[in-house]
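Quick one: the structure is below, and I'll ask about it shortly.
The values are calculated or read from the model by the stated rules, or taken from the named source; none is laboratory data. As the structure is a prediction and not an experimental result, all values here were calculated from the model. Virtual Cβ from ideal backbone geometry, glycine too; neighbours counted across all protein chains shown. Side chains included, ligands, DNA and RNA excluded: accessible areas come from the protein's heavy atoms. Shrake-Rupley method; radii C 1.70, N 1.55, O 1.52, S 1.80 Å.
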Amino acid sequence: MLNYKIGEFDMRACIIVENYPSPGQTFVNRHIEHLFGGHTSVVATHKCENTTGERPILGLQQFRQRRSVASKLYDLKHYAQYGSKTIPYGAEKAALLKFWKDHGTEFVLAEFGPQGVSIAPIAAEAGLPMFCYFRGSDASSRIRHAHVQRAYRKMTPQLDGVFAVSQFLLDNLASVGVRHENSHVIPSGVDVRRFYPAEKTRGSVVFIGRFVEKKHPLLTIRAFAKATQNIPHAHLTMIGDGALLPAAQDFVSQLGIPKKVQFLGALPHAQVRSYLQKSEIYLQHSVTAANGNTEGLPTAIQEAMASGCVTVSTRHAGIPEAIEEGATGYLVDEYDEMEFAAALRKALTLPQGEITEMAKRARSVAEEKFDNGLLLEQLEKVITSAIAKH
């Protein structure tokens with residue numbers, strides 16, 4: 001019998017991720033560093049680089065079996081039983097069970113759906129409570145595939161709880177028959193003690209994110225160009241990298257606005273924070289990608305709100321769960337370039353008193369709904385309660 005320390009902050013969690021380390025996944029790294037006092041170990045199901053430090057780390061890929069007749073038979077067995085061919089077995093499974101035992105693991109938290117599918121059967125066999133967090137593509141584009149739906153439905157009864165960063169994602173899962181009675185919306189959140197407003201630069205607009213299809217950077221740039229005609233002081237700072245960055249840079253030149261748009265590439269989190277603190281408006285035209293990929297609830301929007309930015313974005317995924325239209329920002333339908341430009345122009349031309357009030361409201365909502373300290377406590381309470389019933 002495991003010795004669960006209900007009500008104390010010293011429960012030992014094992015966090016399941018795809019790759020470790022992954023500096024860009026700040027929400028996952030926060031769980032690794034702080035959940036139940038940071039007494040966590042980490043298992044990477046795909047790629048793991050050895051890192052120095054005291055935290056126990058296990059990469060499963062090194063134990064994977066060579067392809068053989070036996071491995072193919074296991075694949076078929078696991079696919080029939082669990083809907084997945086990624087379930088550890090043999091040396092990989094033995095290493096995982098030993099790792100949990102050696103480090104006193106008391107529960108398992110998979111940070112994404114595919115990792116939950118892989119590990120849930122082994123956790124169930126070990127008698128360990130297990131939880132799974134859904135954050136975006138794992139509950140959007142992936143569930144377009146029948147085999148993923150089947151795997152999730154088989155995984156769910158093995159879990160003690162399910163978390164998602166937005167109700168939108170839970171609704172997506174429910175639409176394909178993936179439901180759990182202990183489901184909770186807990187956003188990734190933001191450190192409101194580090195992200196806070198500073199003196200704003202009039203007409204400053206910032207975009208943060210990867211230059212990929214679901215962020216639609218080209219529409220964003222074109223709408224900015226339309227919105228800022230005859231607003232010479234307006235300026236857009238775009239932070240991030242990605243496949244569409246060169247096209248975006250070329251597009252700015254074609255539109256003749258190189259002095260109004262700057263590209264900074266990917267930046268350390270501290271520098272991103274500095275730009276948000278000084279910017280008046282946060283701009284993000286999120287859309288559903290052709291393959292069905294969506295946002296969950298963008299961390300950048302939560303950070304922007306905490307920094308006192310007025311957000312101009314889309315009615316997409318969990319974004320309407322964060323933004324109060326007309327109170328903390330403006331939302332338009334996906335791909336509606338004209339309305340997006342109009343919304344941005346409205347934000348840019350607000351009287352100083354009105355934009356200041358919207359900024360204060362955004363900060364207040366962030367403190368109330370997206371304080372990651374409070375959200376971590378909420379997560380711990382749900383886990384503790386579920387384990388007590390396990």
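Yes/no per residue for (1) open to solvent by 50 Å² or more (accessible area, probe 1.4 Å); (2) of a type in the set (S, T, N, Q); (3) more than 18 Å from Glu295 (Cβ to Cβ):
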| site | (1), (2), (3) |
| --- | --- |
| Glu321 | yes, no, no |
| Gly329 | no, no, no |
| Tyr335 | yes, no, no |
| Ala341 | no, no, yes |
| Leu350 | no, no, yes |
| Glu380 | no, no, yes |
| Ile383 | no, no, yes |
| Ala386 | no, no, yes |
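Can you tell which of His180, His216, His235 is closer than 23 Å to Tyr133 by Cβ and surrounded by 17 or more Cβ atoms within 10 Å (Cβ to Cβ)? Spell out the reasoning first.
Numbers: His216 fails: closer than 23 Å to Tyr133 by Cβ; His235 fails: closer than 23 Å to Tyr133 by Cβ.
Among His180, His216, His235, only His180 is closer than 23 Å to Tyr133 by Cβ and surrounded by 17 or more Cβ atoms within 10 Å (Cβ to Cβ).
Then there's this: Pairs please, first residue from the stretch 174-196 and over 27 Å from Ser279 (Cα atoms) and free of Cβ contacts under 8 Å to residues at least 60 places away in the same chain, second anywhere and among the hydrophobic types (A, V, I, L, M, F, W, C) and assigned to a loop (DSSP other than H, G, I, E, B), Cβ atoms under 7 Å, 6+ apart in sequence or on different chains.
Listed pairs, sorted by first residue: His180/Leu159.
While we're on this one: Listed residues Phe134, Phe99; which is surrounded by 23 or more Cβ atoms within 10 Å (Cβ to Cβ), among the hydrophobic types (A, V, I, L, M, F, W, C) and within 28 Å of the chain's Cα centre (by Cα)? Give the steps one after another, and end with the answer.
On the way: Phe99 fails: surrounded by 23 or more Cβ atoms within 10 Å (Cβ to Cβ).
On inspection, the qualifying residue turns out to be Phe134.
Further question on the same structure: How about the stretch 22-63: which of its residues are on the phi < 0 side of the Ramachandran plot, of a type in the set (Phe, Trp, Tyr) and either at pLDDT 90 or above or over 17 Å from the mean Cα position of the chain (by Cα) (or both)? Steps first, please.
Our first condition is that a residue be on the phi < 0 side of the Ramachandran plot; within the stretch 22-63, this holds for 22-35, 39-52, 54-63.
Now drop any that are not of a type in the set (Phe, Trp, Tyr), which leaves 27, 63.
Of everything in the stretch 22-63, just one residue is on the phi < 0 side of the Ramachandran plot, of a type in the set (Phe, Trp, Tyr) and either at pLDDT 90 or above or over 17 Å from the mean Cα position of the chain (by Cα) (or both), namely Phe63.
Oh, and also: Of everything in the stretch 106-131, what is closer than 18 Å to Asn29 by Cα, open to solvent by less than 10 Å² (accessible area, probe 1.4 Å) and touching a residue at least 60 places away in the same chain (Cβ under 8 Å)? Give them in sequence order.
Phe107, Val108, Leu109, Ala110, Glu111, Gly116, Phe131
Show the residue pairs that are 6+ apart or on different chains and have beta-carbon atoms under 7 Å apart, the first residue being within the stretch 69-91 and without any contact (Cβ under 8 Å) to a residue 40 or more places away in the chain and over 17 Å from Ala124 (Cβ atoms), the second being assigned to a loop (DSSP other than H, G, I, E, B) and charged (D, E, K, R).
Short answer, once both residue conditions are applied: Asp75/Lys85; Tyr79/Lys85.
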